[in-house]
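Asker: I'd like to ask you about the structure that follows.
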Amino acid sequence: MMLLLVALFAAFQMVIVLKARKMVGQPVPDVEAGSAMAGLHEGRTLLYFHAPGCTPCRRMSPVVEALAAQRGAVVSVDISQHPETARLFNIHATPTTIVVENGRIKQVLLGFQSAEKLKQLLG
């Protein structure tokens with residue numbers, strides 16, 4: 001029974017990873033014109049999807065907030081408050097970090113990312 005649960009968990013994780021890889025190169029979904037994501041078609045932007053109950057998100061959020069204050073071009077999305085936005089971007093796990101460049105999804109990263117990695121992603 002335990003082996004079956006481990007296999008199902010591993011299969012679920014693989015599906016999430018494959019869906020994330022499939023997003024790379026796709027155009028950014030249409031979002032509300034007045035939202036913080038309205039400028040995703042210009043330059044490079046980091047999208048950070050998180051949830052209040054996510055332990056890795058609680059560790060990563062202060063790093064993302066500091067980076068946003070320093071560099072801008074960072075949009076933080078709480079999926080519990082913006083489930084439709086999370087759905088548009090096919091977010092199935094948190095934290096998820098998406099790099100958008102000139103209106104296209106350039107990279108999708110799942111899980112905790114260090115401050116150095118986030119700075120590197122912004123260029």
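Here, each number is a calculation from the coordinates, and none is a lab measurement. Quick caveat, the model's predicted, so the values are computed rather than measured. Reconstructed Cβ throughout: ideal geometry from the backbone, glycine too, with neighbour counts over all protein chains shown.
Asker: Which net charge results when you count Lys and Arg as +1 and Asp and Glu as -1 among the other residues whose beta-carbon is under 14 Å from that of VAL64? Don't jump to the answer; show the numbers that get you there.
Answerer: Values: positive: ARG58, ARG59, ARG71, LYS117, LYS119; negative: GLU65, ASP78, GLU116.
Charge balance in the 14 Å sphere: +2.
Asker: Please say if the stretch 42-114 is rounded, prolate or oblate, where rounded means a/c under 1.5 for a ≥ b ≥ c the square roots of the C-alpha gyration tensor eigenvalues, and otherwise the choice is prolate for a/b larger than b/c and oblate otherwise?
Answerer: oblate
Asker: A follow-up question, please. Please give the net charge around LEU46, taking every other residue with its beta carbon less than 11 angstrom from that of LEU46, where Lys and Arg add +1 and Asp and Glu add -1.
Answerer: Charge balance in the 11 Å sphere: +4.
Asker: How many nm is it between the label spots at LYS22 and THR55, if each spot is 7 Å from the Cα in line with the beta carbon?
Answerer: Distance between label points: 3.0 nm.
Asker: How much length is gained on full extension from SER114 to ALA10, taking 0.36 nm per residue of separation minus their Cα-Cα distance?
Answerer: Taking SER114 through ALA10 to full extension adds about 35.0 nm, to one decimal.
Asker: Right, something else. What shape does the chain have by the C-alpha gyration tensor, where a ≥ b ≥ c are the square roots of the eigenvalues, rounded means a/c under 1.5, and otherwise prolate means a/b greater than b/c and oblate the rest?
Answerer: Prolate, because a/c is 1.5 or more and a/b exceeds b/c.
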